[in-house]
Amino acid sequence: MTDAAVPAAMAFPAAPLALAARGPVANGQDRLVYDHPDFPDLLFKAPKSLHAALGLPEGAAIRLTLADLRNFRRLMLKLAPRTLWHPFFKESDCYHSARLSGTPTDDLPIPNLYGFCDSDIGPVLAVERIAMPGEALGRTLKSMAAAGPLDAQTIALLDQFAARMFAQGIVAGDMTAANIALGQRGGQPQLVLIDGFGDIHAIPFRSASTRLNRIALIRSFHKMAGRIGLRFDENTLRFSRASG
């Protein structure tokens, strides 16, 4: 997208991006995140190499072992290396379902996804950068909780985030405080699930059942709340400071 009417910051890369020399700005279990000075409102996600995802030195032989039978993720990576792209496709499915339901871009509890583009490290997924003004990356809920008890404003933002997750039926396979970041949209602060969304299970029960997804979300919020000094009420779907 290079139309002159589109602000330069939101233009979509029309030529391959030079990312290899820049290095990643974030490093996850299976993915790397890059930025580029020509596209300040975007980040670019790429899968790690198969060796890195398996925790092996580059160039090492990849062989099936009996231990792999007890680790489904490692087994699938070795049998079908294209599994590295599985989370990208699941996130895209989740995003498109939310957008096609009519949810405005500024009201999504997940980042906007802009599609795949080419780079010198291979295909990368262009995503909305979630951060406050002047920040390269958004502060995570985990880091904010580690700095001290969460204040009333942050808890209110967390309530708004939870309400959007339930209202829009977002499926979250890995919702943790480390995957929720603070950013600004439409001039207002928001908490956004930047990673771990989409139905990653082989049989997508959560995508098929609103009830099962609601139960899974409540369980995830309960678990997350206990780790950041909060409690979650499954009746009101709101957070509060943990007593004691």
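Listed values, structure above:
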| read-out | value |
| --- | --- |
| Segment 32-76: number of residues that are among the basic types (Lys, Arg) and loosely packed, with under 11 Cβ neighbours inside 10 Å | 2 |
| Close pairs from segment 116-135: first of a type in the set (A, V, I, L, M), partner assigned to a loop (DSSP other than H, G, I, E, B), Cβ under 6 Å, at least 6 apart | ILE121/LEU19; ILE121/ALA20; VAL127/PRO111; ILE130/PRO111; ILE130/GLY138; ILE130/ILE194; ALA131/LEU137; ALA131/GLY138 |
| Residue that is modelled with the highest pLDDT, among those in segment 33-69 that are under 27 Å from PRO13 (Cβ atoms) and of a type in the set (Gly, Ala, Ser) | ALA46 |
| Hits in segment 31-89 - residues which are in contact (Cβ under 8 Å) with a residue 60 or more places away in the chain and among the acidic types (Asp, Glu) | ASP35, ASP41 |
| Test: residue in segment 149-156 that is under 26 Å from ALA126 (Cα atoms) and among the β-branched types (Val, Ile, Thr) | no |
| GLY115 vs. criteria at positive phi and either surrounded by 16 or more Cβ atoms within 10 Å (Cβ to Cβ) or not assigned by TED's automatic domain parsing to the domain that holds ASN213 (or both) | yes |
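The values are calculated or read from the model by the stated rules, or taken from the named source; none is laboratory data. Predicted model, so just to flag it, every value in this text is computed and none were measured. Please note: Cβ atoms are built from the backbone with ideal geometry, for glycine as well, and neighbour counts cover all protein chains shown.
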